[in-house]
Amino acid sequence: ANTKFDNALTYFENQSCAFCVVSGDLTQTGLYLRTDENTAGTEYLDERQFAKYKEICDKHTIPVYELCGNHESYYNMPITNNLAKLNTYTGKNVLSYTVTQGNDLFILVGQPRDVWVMSDDDFTWLSNTLEENKNKRCFVFVHSHIDDNVEGGVEDSGNPSFARENSIFGYWGATKTANFINLMKQYPNAILFHGHTHIKFEAQQYDEAANYTEKNGFKSVHVPSGGAPRELNADGSWTGKDAESQGYIADVYSDCVVLNGYDLINKKIIPLGTLKINVAEGT
């Protein structure tokens, strides 16, 4: 995964990308590592994985903006307990923040712990930020997909055939999930990006909403994994594809956004991961 992340940043630099966004799970076990995963009470502070993340970012000139996913709070050790350490390795001592690029606003909302999509304070902050910028095009990033893994329940892009075994939104609860969906529906100027499932672009051959959907009333894009993609099978199961690496290169125009899904190892476009989303500047 470290090699593939390094490779991806090199490729993005060579393509003259303005910056890179990592939509969560920067590490495997956050800032804690157990000698025995099955033994409670044996958590030890271990900064090597975050240090490696920083080492790779520091090799490159491209700015990297990241948000915390569930793995940053591994073993149920909330990343909010270690914001000073987070700042050491990412340069950010907050979970949620904005980045301005031209006339567009990028809104990154990090997870405070493994089973919360965001804190109540950050949900309020997101609500206020979207309202204050309703006349701008907004790119909103969270880590998890919106799905409760129940047939007939809340569905969104990112979990075709209910292939993923856990949903952070499911843990978050129906009321907060509904509040989040209702919030996003108010802002046609916004596009939501989320990851977590690792499912590859090619899953769209089985489910047309695998990579993108507006079925919940807003624009929702799934981001696949740069480190450990998963291939969806015809029967709804999935197979790990650790040797592969996928991501988007986004071309942003005044009236639309074109997302080019890439095989980042073989450096070629994946047609099923290519999307054109009509949303204009100053919407």
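The values are calculated or read from the model by the stated rules, or taken from the named source; none is laboratory data. As the structure is a prediction and not an experimental result, all values here were calculated from the model. Every residue, glycine among them, receives a Cβ derived from its backbone with ideal geometry; neighbour counts consider all protein chains shown. Just the protein is used for accessible areas: all its heavy atoms, side chains included, with ligands, DNA and RNA removed. Shrake-Rupley method; radii C 1.70, N 1.55, O 1.52, S 1.80 Å.
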Tell me, please, whether a residue that is hydrophobic (A, V, I, L, M, F, W, C), under 24 Å from W116 (Cα atoms) and in contact with a strand residue (DSSP E or B) (Cβ under 8 Å, 6 or more places away or on another chain) can be found in region 55-71. yes
On the given criteria, is E55 more than 25 Å from N189 (Cα to Cα), surrounded by fewer than 22 Cβ atoms within 10 Å (Cβ to Cβ) and in contact with a helix residue (DSSP H, G or I) (Cβ under 8 Å, 6 or more places away or on another chain)? no
From the option list A203, A243, A209, A228, single residue qualifying as open to solvent by less than 20 Å² (accessible area, probe 1.4 Å), over 30 Å from N128 (Cα atoms) and either in a strand (DSSP E or B) or of a type in the set (A, V, I, L, M, F, W, C) (or both) is A203
Of the residues in region 212-225, how many are open to solvent by 20 Å² or more (accessible area, probe 1.4 Å) and not in a loop (DSSP other than H, G, I, E, B)? 2
Based on what the data block shows, is K185 touching a strand residue (DSSP E or B) at 6+ places or on another chain (Cβ under 8 Å) and either open to solvent by 20 Å² or more (accessible area, probe 1.4 Å) or modelled with pLDDT of 95 or more (or both)? no
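Confirm whether I191 is within 21 Å of G24 (Cα to Cα), crowded, with 18+ Cβ neighbours inside 10 Å and at pLDDT 95 or above. Write out each step before concluding.
Values: within 21 Å of G24 (Cα to Cα): yes; crowded, with 18+ Cβ neighbours inside 10 Å: yes; at pLDDT 95 or above: yes.
In short, yes.
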Restricting attention to region 251-264, the residues that are surrounded by fewer than 18 Cβ atoms within 10 Å (Cβ to Cβ) and in contact with a strand residue (DSSP E or B) (Cβ under 9 Å, 6 or more places away or on another chain) number exactly 6
Has region 221-229 got any residue that is within 22 Å of Q186 (Cβ to Cβ) and under 17 Å from the mean Cα position of the chain (by Cα)? yes
Test: A210 is under 16 Å from the mean Cα position of the chain (by Cα) and modelled with pLDDT under 95: yes
If you check D122 against the conditions, is it of a type outside the set (A, V, I, L, M, F, W, C) and in contact with a strand residue (DSSP E or B) (Cβ under 6 Å, 6 or more places away or on another chain)? yes
Tell me whether region 110-119 contains one or more residues that are without any contact (Cβ under 8 Å) to a residue 40 or more places away in the chain and over 19 Å from T177 (Cα atoms). no
Out of T100, T124, sole residue that is β-branched (V, I, T), modelled with pLDDT of 95 or more and under 23 Å from H145 (Cβ atoms): T124
